[in-house]
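Read the structure below first, then the notes.
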Amino acid sequence: MTGRSLVEQLLDGGHKVSAIVRSPQKLSAKVLNNSNLSIVEAAILELSDKELEEQVRNCDAVVSCLGHVMNFRGIFGHPRKLCTQTTQRLCKAIDKSAPSEPVKFILMNTVGVKNPNSDEERTFFDRIVLGLLHYTLPPHRDNEMVAEHLYENIGEKSKNIEWCSVRPDSLINAEISPYQISQSPVTGIFTGRPTSRANVAHFMVALIESWTLWNEWKFRTPVIMNATE
């Protein structure tokens, strides 16, 4: 749903969008009829390396809003490393496409994943819960692994890729509204503020459009939450 909002907002801003989606019918007729949109109907991990390379070629930004479906099959079924494998393959495709300027790679992750390069404070209770999630829920470990990949394997020295990992708190369906961006969580994992999917998409669009904002947050893991009233 976040990806759907992202596509809509990018098209409203006049951007050309190439989207890899499993179910195009979930997009509105207005979106599907937009001449700036091209669609590949597929599960992204089913595409070949060559097909992915063609999809990212000449793109200024590549965004992944993938997440595991929160049912038994989505949590414990395959692919268990959906986000990590997708990010690895997309980054490889960007490298293969040899862009003239670094491509912005934006990942949607979760506030439950710690910034590997920071001393983020977590409550004792949060540390216990996150430790349990690490060992019992494959999607949580997948989210941790994809963050580790960006920090350890892509880093800040790639000539082809600059990245940002956006960490929303609990996602809800709501319209664009004021929101807050911070470097680290400001609340516990069970006491955080909800985050509109539309707001997450809005921030991602702003990262794509604004070099000032991008230079502030590239190679970082901003936390996004709806603003308090």
key: Among the candidates 9, 85, 25, 55, residue that is over 26 Å from residue 170 (Cβ atoms) and at pLDDT 90 or above   = 55
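For every residue, the table says whether it meets (1) aliphatic (A, V, I, L, M); (2) farther than 25 Å from residue 201 by Cα; (3) at pLDDT 95 or above; (4) under 15 Å from the mean Cα position of the chain (by Cα).
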position	(1), (2), (3), (4)
76	no, yes, no, no
98	yes, yes, no, no
115	no, no, no, yes
119	no, yes, no, no
122	no, yes, no, no
144	no, no, no, yes
148	no, no, no, yes
151	no, no, no, yes
166	yes, no, yes, yes
task = Could you check residue 201 against (1) touching a Ser or Thr at 6+ places or on another chain (Cβ under 8 Å); (2) within 24 Å of residue 86 (Cα to Cα); (3) modelled with pLDDT under 95 and say which number it fails?
result = (3)
note = Checked pairs for the stretch 31-47, first more than 15 Å from residue 14 (Cβ to Cβ) and free of Cβ contacts under 8 Å to residues at least 24 places away in the same chain, second among the aliphatic types (A, V, I, L, M) and outside any helix (DSSP H, G or I), C-beta under 7 Å and 6 or more apart or across chains, list as 39/19; 39/21; 40/20; 41/21; 42/20
query = Which members of the stretch 168-195 meet the condition of being within 21 Å of residue 214 (Cα to Cα), modelled with pLDDT under 85 and not polar (S, T, N, Q)?
reply = 169, 185
inquiry  = Need the failing condition index for residue 26 against (1) touching a Phe, Trp or Tyr at 6+ places or on another chain (Cβ under 8 Å); (2) loosely packed, with under 13 Cβ neighbours inside 10 Å, just the number.
reply    = (1)
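Which of the residues belonging to the stretch 42-52 are surrounded by fewer than 19 Cβ atoms within 10 Å (Cβ to Cβ) and not basic (Lys, Arg)?
Here is the first cut: in the stretch 42-52, the ones surrounded by fewer than 19 Cβ atoms within 10 Å (Cβ to Cβ) are 42-43, 45-51.
The answer is 42, 43, 45, 46, 47, 48, 49, 51.
The values are calculated or read from the model by the stated rules, or taken from the named source; none is laboratory data. A quick note: this is a predicted structure, and the numbers were derived from the prediction, not measured. Note that we place each Cβ from the backbone using ideal geometry, even for glycine, and neighbour counts take in every protein chain shown.
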